[in-house]
Amino acid sequence: MKNITLNCLALFFPFQLLLIYVLKQNPAWVETYYSEGFFLVSSQLQHYLTSWIPFSLGDLFYSALVLIIVVWIFRLIKSRFRKLGTRFLEAMAFVSLIYFLFHLFWGFNYYRLPLHKSLGISTEYTKAELYEFTCDLIQKTNDLHAELAENDSVKVDYKFKQGQLQQWVFEAYTNSTNEDLKIPYRVENLKKSLFSLPLSYGGFSGYVNPFTNEGQYNYKIPKYKLPTTMAHEIGHQLGYSKENEANFIASVITMQDENRFLQYSGLTFALKYSLNDMYKKDPLLSEALIAELRPGVLKNYKEVQEFWQAYTGPVELVMETVYGNYLKVNNQPLGMKSYDYVVALLVNYYQ
Ligand SMILES: [Zn+2]
């Protein structure tokens, strides 16, 4: 009986690959039947099951997966690599099952319609349009900095508890009157990651667990970065799996909210992408634009930069490679570079 189950699971794997191939060609199906259909129900159910648990159940699940793999390798060595056929079958069945659950509960969202198509906007923009958009962000950022910081050369201080920031982000989603973005449900399901230290070394601010739909954030990052990080993870929870789309949603939700601190987080977040993009197109112009910023704004950026610098090392390089490849496998062919698409969305959306 056990062998039949293992065989079925293993044989199921190539069928899943075929299904992914078909879905990749038909994003409209995925949008209608999965992202705006099945996923809405399944994710809601996952939230009811996990949101009341004070710690991340998904993190325990990940730990269990690692334990299963370690035990499997141990048994393989202990049996002196006998019964290799059975061990291989076990591995295939395991991979197939995890792959299936990953896609069923979240991963198919990678194949939904690209956000610019759902929003009916273009992805093209000229340097002049980027310049105008960036200038507007700089103006707003400077004005807000003048309001929130004690003087022009100090950073905006986020002297709030993490729970308070989290509450504001939930409220930003709940109160959002944005009708362009599909914000289908609002369940508070964000948790501190149990792996925040390794995440810091890996260069990660947060993640959504696709198996439980809990959002985890790295509680060690500077508080000023928490609102956009939390908003980004909620974007993932809403079914926007792709990094650039979650970044766009995080920017829009925080920038459009009434809370000044959320706005500041959102504006500087969007501005960083715009300035990076401008730097690629015209380094001198981008430097001239940066010089327009109040020095205190740069101190907020610097604080974040220094945080990550304190955790740099070989782990980060390994994680970047692993995650870059993960993105490529999951319909983001440019890997980590696909983050640039967020500028295309922002510039065109705000036109
Ligand atoms: Zn993300």
### Task
Please work out the C-alpha center-to-center distance from the stretch 243-264 to the stretch 172-205 and express it in whole Å.
11 Å
### Task
Rounded to the nearest 500, what is the 222 nm mean residue ellipticity of the chain from helices alone, with -39500 (n - 2.57) per DSSP H run of 4+ residues and division by all residues?
-21000 deg cm²/dmol
## Note on the structure
Largest first and rounded to whole Å, the semi-axes √(5λ) derived from the alpha carbon gyration tensor of the stretch 2-78 read 29, 24, 11
### Task
Using only Cα atoms, find the angle between the long axis of helix 226-237 and the longest principal axis of the chain, and express it within 0 to 90 degrees, rounded to the nearest 10.
40 degrees
### Query
At a 1.4 Å probe, what is the % contribution of carbon and sulfur to the accessible area of the stretch 199-334?
59 percent
### Message
Give me the percent relative contact order of the stretch 2-111, please, defined on Cα pairs under 8 angstrom at least 6 residues apart.
### Response
62 percent
### Summary
So the angle from the long Cα axis of helix 314-329 to the longest Cα principal axis of the chain, reported in degrees to the nearest 10, equals 80 degrees
#### Entry: Among 16-29, 291-304, the order from most to least packed when residues are scored by Cβ within 10 Å on average
291-304, 16-29
#### Entry: Surface accessible to a 1.4 Å probe, per residue, for the residues of the chain, Å²
51 Å²
### Query
Can you pull out the GluC sites (Glu not before Pro) in the stretch 101-146 that DSSP calls coil and that have at most 12 other Cβ atoms within 10 Å?
Glu124
### Query
Going through the stretch 226-268, which GluC sites (Glu not before Pro) have at most 10 other Cβ atoms within 10 Å and a DSSP loop state?
Glu258
### Message
Show me the ranking of peptides 196-209, 49-62 by mean Cβ neighbours inside 10 Å, starting with the highest.
### Response
196-209, 49-62
### Cleavage-rule hits, chymotrypsin sites (Phe, Trp or Tyr not before Pro), the stretch 148-197, DSSP coil, Cβ neighbours within 10 Å at most 14
Tyr185
### Query
Quick one: which of Lys24/Lys328; Lys225/Lys272; Lys242/Lys302; Lys192/Lys328; Lys191/Lys220 span more than 19 angstrom between C-alpha atoms?
Lys242/Lys302; Lys192/Lys328
### Message
If you fit an axis through the alpha-carbon atoms of helix 57-78 and take the longest principal axis of the Cα set of the chain, what angle between them do you get, 0 to 90°, nearest 10?
### Response
40 degrees
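The values are calculated or read from the model by the stated rules, or taken from the named source; none is laboratory data. Source: prediction; values computed, not measured. A quick note on method: Cβ atoms are made from the backbone with ideal geometry, for glycine too, and the neighbour counts reach across all protein chains shown. All accessible areas refer to the heavy atoms of the entire protein, side chains included, with ligands and DNA or RNA removed. Shrake-Rupley method; radii C 1.70, N 1.55, O 1.52, S 1.80 Å.
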